[in-house]
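Structure, as structure tokens:
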Amino acid sequence: MRINFNSSRVITCPFCSEKKFLTDYLSWNDIGAQYWSDNKCDGPMMPSSSNVQKCSKCGKYYLKSRQPKIYEERFPSSSEKPLTYQQLKEAFAQFSAEGFGKEEEETSVRFMLHHAYNDYYYREGKRPASEGERQFFHDNALWLIEHVLKEDLMKAEFYREIGEFETAQKILDTVEISGKFREEIAARIQSRINDRDCAVFLLPRR
């Protein structure tokens, strides 16, 4: 992995023009990475700058991908902390009210929400979720299933994560499983369907 410390990417809040300087990551690798059943990957050598940014001055949210690629010869001055699940929900509400310009933007934010929910309620330690939070997660996952997910095994997993175990089972029963890796994933999904368990799990190493 190489990080360019000679320049920083500059993004500007479209609401108040406050500048933020982000570290310029040039490359990464997946050494020590963990791959999860909800399609999230965590790795110490896989740094990334979130596409959803919160302005430290006005508190509004905006998308980094909409910003022009401008670099300055200076060290980064903004320490970027990952947005919390609740902050991402606030960002999603704001973006929805403003209107997403492109479906890929909405897809990206919705996947971030899905992962952040699982982070907070499962990966960071199991917490009870309110009915409202479970419904929000459920509706968001259904949107991803209907608009984005193409692979039946992943659809079965997402249905399992939102507690629709019967639907997950029906899909799993019809999936053609080939290869040891997919067989292991299917077996783990099946085990959790049997236990009525919605928690995400680590994928086996290839």
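List of remarks:
- The Cβ shell under 15 Å around E133 holds other residues with a net charge of -2, Lys and Arg each +1, Asp and Glu each -1.
- Angle in degrees between helix 180-194 and the longest Cα principal axis of the chain, rounded to the nearest 10: 70 degrees
- The shape of the stretch 126-206 comes out prolate: with a ≥ b ≥ c from the C-alpha gyration tensor, a/c is at least 1.5 and a/b beats b/c.
- Those Cys residues of the chain for which no other cysteine Cβ falls under 4.7 Å: C41, C198
- Residue among E106, E164, E98 with the largest mean-square fluctuation in a Gaussian network model of the chain, springs linking Cα atoms under 10 Å: E98
- Inter-site label distance for K170 and C58 at 7 Å from Cα along Cβ, in nm: 4.7 nm
- Difference of contour (0.36 nm per residue) and Cα-Cα distance, R196 to T84: 37.6 nm
- Computing FRET efficiency as 1/(1 + (r/R0)^6) for K102 and T12, where r is the C-beta to C-beta distance and R0 is 30 Å, gives about 0.90.
- Each of P68, S130, V52 was scored by the projection of its Cα onto the charge dipole of the chain, and the greatest displacement toward the positive side belongs to P68; charges sit on the C-beta of Lys, Arg, Asp and Glu.
- In degrees, nearest ten, helix 131-147 long axis to first principal axis of the chain (Cα): 90 degrees
- Charge context of A97, other residues only, Cβ under 12 angstrom, K/R +1, D/E -1: -1
- Three semi-axes describe the equivalent ellipsoid of the chain; taken as square roots of 5 times the Cα gyration tensor eigenvalues and ordered largest first, they are 34, 21, 15 Å.
- Helix 103-118 axis versus longest C-alpha principal axis of the chain: approximately 70°, rounded to the nearest ten.
- Projected label points at A129 and I177, each 7 Å from Cα along the beta carbon direction, are separated by 2.5 nanometres.
- Here the gap between H138 and Q34, fully extended at 0.36 nm per residue and compared with their Cα-Cα distance, gives a gain of 35.0 nm.
- Relative contact order of the stretch 85-194, taken over Cα pairs closer than 8 Å and 6 or more residues apart, is 18 percent.
Here, each number is a calculation from the coordinates, and none is a lab measurement. The structure presented is a predicted model; accordingly, all values stated were derived computationally and were not measured. Neighbour counts are summed over all protein chains in view; Cβ atoms, including those assigned to glycine, are modelled from backbone coordinates with ideal geometry.
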